[in-house]
Amino acid sequence: MADTTAAGGEERLSLLRVLGPGHVWALGVGIVLVGEYMGWNFSVGKGGMVAGLVACWVAGLLYTCVAMIDSEVTSTVAAAGGQYAQAKHIVGPLMAFNVGLFLVMAYTMLEAANAITVGFLLDTVAGMQGHTGLNQQPFIILAILGLAWLNYRGVLATLSFNLVITGIAFIAIIILFFAVEFGASAVPLDFTAINTEPLPYGWLGVVASLHFGLWYYLGIEGTCQAAEEVRSPARSLPYGTMAGIMTLLIAATLTWYVCSGLIPWEYLGGSGTPLFDAARVTGSTSLMVLLFIGTAFATLASANGCINDASRAWFSMGRDRYLPSWFGAVHPRYRTPYRSIVFLVPIALIFALGAPLDQVITFSILSGLLGYTFMTFNMVMFRRKWPVASIKRGYVHPFHPLPAIVLLVLCSTAYFAVFLGYGTQLIAMMCFYIIASLWFHFWRYRFVKRGDQFTMPWPRPLGY
Amino acid sequence: MDIWNYLEYAAWVLSILFAGFMLYDTVRVDTTYDNELLTSSREGELELTAERHEI
């Protein structure tokens, strides 16, 4: 067995450090870009065309804060598990356990939602070709198992694949924008609803639309999960994450512009695949094919990145004995967290085959929101315990603590927005995390090797 | 039977193959290698050996 590393004379297995900034970009944008192809448009249904744009930019501001905060902390805490490892070092074990669960739930639910979308998309195409009653199940199962297999076989191939298909999906949005701008559409852009029906449901509609506005960017923080597999974490992670959020801000604004201009907001608000539908409205077959490919690729890239991130978070928790240490195994040949990858497959399948899409998406958004809320006080504690002058950082974000405060305010607004539409799910989710926390505190923590948790060679925190 | 029916069957077959490969390989690795070695990964090894968080 040649693929092992020796540390202190002891033979050890570790994840492979083979990734560059492009892979980090592909992981972050790959997870998120599907949000441009589906889901964001429900914000238009909640509050109208203008509310959709407000949600797009307000959520963009929220995620810019997330990207800035994440880039600074992750460039310093370079470990698989991302925000879980950050919480462990900066806040404490109970917070870390919860953050780990937020990550696994958010990504596994998103993976399930993507698989459902693959089935829906193929059903739509089959229907257009005259085939009715397509059984979506085998395609949903294949999407999850095929991508899990790719993840099982190695991270370099997985994220190189993501780089290619995410790039194609992004370029498809750019091409659609230019094609519509330069007259390739049979239907002209029409924004008269901005004047005739600016806010059909008032300002409450704008707040409600924020829930689905998050869908434009949900998951960009997933870049952190690659921390232990990038060649240069201090450089690659901030670079890939910041490039990712810039890409998404461009893609989100273009998506709103093209879709809102081509599709009346009443229809856009209920569309299953808005960009694909916009291409259908143009009447151009080549644009339609391109956007179908874009939708399929964005969906697969997202599911692929979600499997990567959920398994890393689960693996890290197993390695620290927050979960059974059996999950902390590395494959001796492929150097992937193979047990975690295999274990999470049936969980994703259960949600993909047994739960409705909007519920799955809402649970994913809620877990993500809880994670963003954690980032606000995590950032403040990080700067207080280890000020800028005390340890080396790959990136130092400006205007601290303003991004953390803005993020907290926007998270609070988003909770209210979710509560308006899915209050029961919000409460159910909170109950789940409270019960899990009690289990961890009163039972599981006794198995954790407490002295081994703090792995970063940092100086003693200020005031300790 | 049209192309979509064949695609459904192909999806089932591929799913079984992918699942079979992962399960077979997991069992093979778990029975071939010592669990101590498989779970020997430690967080922060790079930081201890290559990077110094000092200014």
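Among the listed residues A:191, A:182, A:177, identify the single one that is surrounded by fewer than 23 Cβ atoms within 10 Å (Cβ to Cβ) and at pLDDT 95 or above.
Only one candidate qualifies: A:177.
Considering only region A:335-376, how many residues are touching a residue at least 40 places away in the same chain (Cβ under 8 Å), within 14 Å of chain B (Cβ to nearest Cβ) and crowded, with 22+ Cβ neighbours inside 10 Å?
Total meeting the criteria: 9.
Where residues in region B:13-39 are out of contact with any helix residue (DSSP H, G or I) (no Cβ under 9 Å at 6 or more places or on another chain) and outside any helix (DSSP H, G or I), which of them is farthest from the other protein chains (Cβ to nearest Cβ)?
Across region B:13-39, the extreme among qualifying residues is B:34.
Hey, can you tell me all the residues within region A:267-292 that are under 24 Å from residue A:360 (Cα atoms), touching a residue at least 24 places away in the same chain (Cβ under 8 Å) and not polar (S, T, N, Q)?
A:268, A:269, A:270, A:272, A:274, A:275, A:276, A:292
Please report, ordered by residue number, the helices (runs of 4 or more DSSP H) entirely within region A:6-93 with at least 3 residues that are within 14 Å of chain B (Cβ to nearest Cβ).
A:49-74, A:83-90
Which of the following residues is within 15 Å of the chain's Cα centre (by Cα), of a type outside the set (A, V, I, L, M, F, W, C), surrounded by 24 or more Cβ atoms within 10 Å (Cβ to Cβ) and modelled with pLDDT under 90: A:219, A:244?
Criteria check complete, one pass: A:219.
Enumerate the pairs (first residue in region A:380-396 and without any contact (Cβ under 8 Å) to a residue 40 or more places away in the chain; second residue anywhere and surrounded by 14 or more Cβ atoms within 10 Å (Cβ to Cβ) and in a helix (DSSP H, G or I)) with beta-carbon separation below 8 Å, excluding pairs fewer than 6 apart on the same chain, so at least 6 apart or on different chains.
Partner pairs satisfying both residue conditions: A:380/A:404.
Residue A:322 versus (1) outside any helix (DSSP H, G or I); (2) free of Cβ contacts under 8 Å to residues at least 24 places away in the same chain; (3) under 24 Å from residue A:434 (Cβ atoms): which is the lone unmet condition?
Among (1) outside any helix (DSSP H, G or I); (2) free of Cβ contacts under 8 Å to residues at least 24 places away in the same chain; (3) under 24 Å from residue A:434 (Cβ atoms), residue A:322 violates only (2).
Could you tell me which of the residues A:327, A:315 is touching a Pro at 6+ places or on another chain (Cβ under 6 Å), assigned to a helix (DSSP H, G or I) and under 23 Å from residue A:12 (Cα atoms)?
A:315
What's the total number of residues in region A:131-163 that are in a helix (DSSP H, G or I), without any contact (Cβ under 8 Å) to a residue 60 or more places away in the chain and more than 9 Å from chain B (Cβ to nearest Cβ)?
Result for region A:131-163: 1.
Only one of (1) more than 12 Å from chain B (Cβ to nearest Cβ); (2) over 28 Å from residue A:355 (Cβ atoms); (3) surrounded by fewer than 24 Cβ atoms within 10 Å (Cβ to Cβ); (4) not polar (S, T, N, Q) fails for residue A:120. Which number is that?
That leaves (2) as the condition not met.
Conditions tested, residue by residue: (1) touching a residue at least 12 places away in the same chain (Cβ under 8 Å); (2) in contact with a strand residue (DSSP E or B) (Cβ under 6 Å, 6 or more places away or on another chain); (3) closer than 22 Å to residue A:237 by Cα; (4) among the acidic types (Asp, Glu).
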| site | (1), (2), (3), (4) |
| --- | --- |
| A:89 | yes, no, yes, no |
| A:93 | yes, no, no, no |
| A:96 | yes, no, yes, no |
| A:104 | yes, no, yes, no |
| A:123 | yes, no, no, yes |
| A:126 | no, no, no, no |
| A:129 | no, no, no, no |
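Can you pull out the residues in region A:412-464 that are part of a helix (DSSP H, G or I), over 25 Å from the mean Cα position of the chain (by Cα), surrounded by 14 or more Cβ atoms within 10 Å (Cβ to Cβ) and not aromatic (Phe, Trp, Tyr)?
Once the filter is applied, which keeps residues that are part of a helix (DSSP H, G or I), over 25 Å from the mean Cα position of the chain (by Cα), surrounded by 14 or more Cβ atoms within 10 Å (Cβ to Cβ) and not aromatic (Phe, Trp, Tyr), region A:412-464 yields only A:444.
Quickly run through region A:222-241 and pick out the residues that are more than 14 Å from chain B (Cβ to nearest Cβ), farther than 15 Å from residue A:397 by Cβ and either surrounded by fewer than 24 Cβ atoms within 10 Å (Cβ to Cβ) or without any contact (Cβ under 8 Å) to a residue 12 or more places away in the chain (or both).
Selection gives nothing.
Are any of the residues in region A:111-133 out of contact with any Leu (no Cβ under 8 Å at 6 or more places or on another chain), among the charged types (D, E, K, R) and more than 18 Å from residue A:217 (Cα to Cα)?
Within region A:111-133, not a single residue is out of contact with any Leu (no Cβ under 8 Å at 6 or more places or on another chain), among the charged types (D, E, K, R) and more than 18 Å from residue A:217 (Cα to Cα).
So, of the residues in region A:388-405 that are assigned to a loop (DSSP other than H, G, I, E, B) and among the aliphatic types (A, V, I, L, M), which turns out to be farthest from the other protein chains (Cβ to nearest Cβ)?
A:396
The values are calculated or read from the model by the stated rules, or taken from the named source; none is laboratory data. Since the model is a prediction, treat every value here as computed from it, not as a measurement. Neighbour counts run over all protein chains shown; Cβ positions are idealised from the backbone, glycine included.
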